[in-house]
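The values are calculated or read from the model by the stated rules, or taken from the named source; none is laboratory data. These figures come from a predicted structure and were not determined experimentally. Backbone-built Cβ (ideal geometry, glycine too); neighbour counts: all protein chains shown. Ligands, DNA and RNA are stripped out before the accessible areas are found, and what is left, the full protein with its side chains, is counted by its heavy atoms. Shrake-Rupley method; radii C 1.70, N 1.55, O 1.52, S 1.80 Å.
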Amino acid sequence: MPAKKRTRSHDPVKIRAAVSAQFGQVRRAVSTLTPEQLALPTRLGEWTVRELAAHITMTVAAVSRALERAEPEKADLALLDYPSATAPFAEAVADGTRRLAAAHPDLDALYARTEDELTEHLAAAPESRLLDIRAGAMTLTDFLVTRTVELVVHTDDLNAAVPGLEIPYDRQALAACTRLLADALAAKAPGGSTEVRIPPYAVVQCVEGPRHTRGTPPNVVETDPLTWIRLATGRMNWTEALERAKVSASGERADLRELLPILS
């Protein structure tokens with residue numbers, strides 16, 4: 001029987017810093033947007049850039065709100081379960097985003113308040129703190145890892161919506177986001193027949209079939225972090241990525257289209 005794969009651990013200090021750093025990058029960029037740019041459409045349905053920018057504050061403020069609630073007795077939501085546990089709340093999140101954007105025309109003030117509250121709450125929260133969130137109860141560090149996903153994915157959405165914006169990505173935030181979505185793929189399609197490489201941040205084995213033990217794996221998928229994140233979240237489809245040479249795939253089990261997206 002093959003050994004059970006060890007769950008990846010995330011450094012609590014680095015994850016806290018990553019969330020703060022990426023939110024800071026977004027805050028600085030949003031502060032430069034003109035009314036015309038804020039009114040631009042995004043690739044997220046009917047959301048404008050203003051609504052997307054407001055939504056990003058909501059995803060970070062969720063940490064502060066959770067830390068204000070009573071601590072649950074035990075965690076019942078594993079980090080790798082999170083990507084598949086969020087879909088039922090999509091409509092409520094969309095409604096909340098529209099209300100938040102309408103209620104806060106001053107985005108600079110909203111971002112400043114969100115950042116101050118996050119700093120204050122994290123300073124008082126121990127690493128072992130458990131959080132009660134919509135999808136269940138999970139550790140603070142695990143929830144912060146999910147915030148890196150929200151921040152990196154929506155940074156990419158903003159960059160796609162506003163030509164020339166080019167918000168940078170904090171390296172640790174990009175790494176954590178890439179790794180969580182790669183690990184979620186391996187959990188969704190357990191196995192060892194296919195190796196998915198996302199240099200420089202992640203390598204995972206997945207998909208049932210003959211297990212690779214040494215040498216070059218017979219089935220290999222390789223791509224860059226942002227392309228992987230777009231594939232994993234449905235921002236790019238598999239065929240498009242292949243046609244644009246954004247992903248290389250070799251071997252009969254290297255077609256991942258039926259497994260994507262991981263997070264929708």
Report summary line: When every residue in the stretch 124-152 that is within 21 Å of Gln172 (Cβ to Cβ) and part of a strand (DSSP E or B) is compared, the one farthest from the chain's Cα centre (by Cα) is Leu131
Report summary line: Within the stretch 181-207, residues within 13 Å of Ala232 (Cα to Cα) and among the basic types (Lys, Arg) come out as Lys188
Query - The lone exception for Ala87 - which of (1) surrounded by fewer than 17 Cβ atoms within 10 Å (Cβ to Cβ); (2) more than 19 Å from Ile262 (Cβ to Cβ); (3) under 20 Å from the mean Cα position of the chain (by Cα) it fails - result: (2)
**Report entry** Top-ranked residue in the stretch 1-17 [being in a loop (DSSP other than H, G, I, E, B) and modelled with pLDDT of 80 or more; ranked as least open to solvent (accessible area, probe 1.4 Å)]
**Finding:** His10
Query raised in the report: What single numbered condition from (1) touching a residue at least 40 places away in the same chain (Cβ under 8 Å); (2) out of contact with any Pro (no Cβ under 9 Å at 6 or more places or on another chain); (3) farther than 30 Å from Leu231 by Cβ fails to hold for Asp106?
Result: (1)
Query raised in the report: Hey, any hits in the stretch 156-176 for a residue that's touching a residue at least 40 places away in the same chain (Cβ under 8 Å), among the polar types (S, T, N, Q), open to solvent by less than 10 Å² (accessible area, probe 1.4 Å) and closer than 25 Å to Thr119 by Cα?
Result: no
Requested in this report: Residue by residue through the stretch 33-72, note down the ones that are without any contact (Cβ under 8 Å) to a residue 60 or more places away in the chain, in a loop (DSSP other than H, G, I, E, B) and more than 20 Å from the chain's Cα centre (by Cα).
Outcome: Thr34, Ala39, Glu46
**Report entry** Residues being modelled with pLDDT of 95 or more and either buried (at least 21 other Cβ atoms within 10 Å of the Cβ) or aliphatic (A, V, I, L, M) (or both) - total across the stretch 196-218
**Finding:** 5
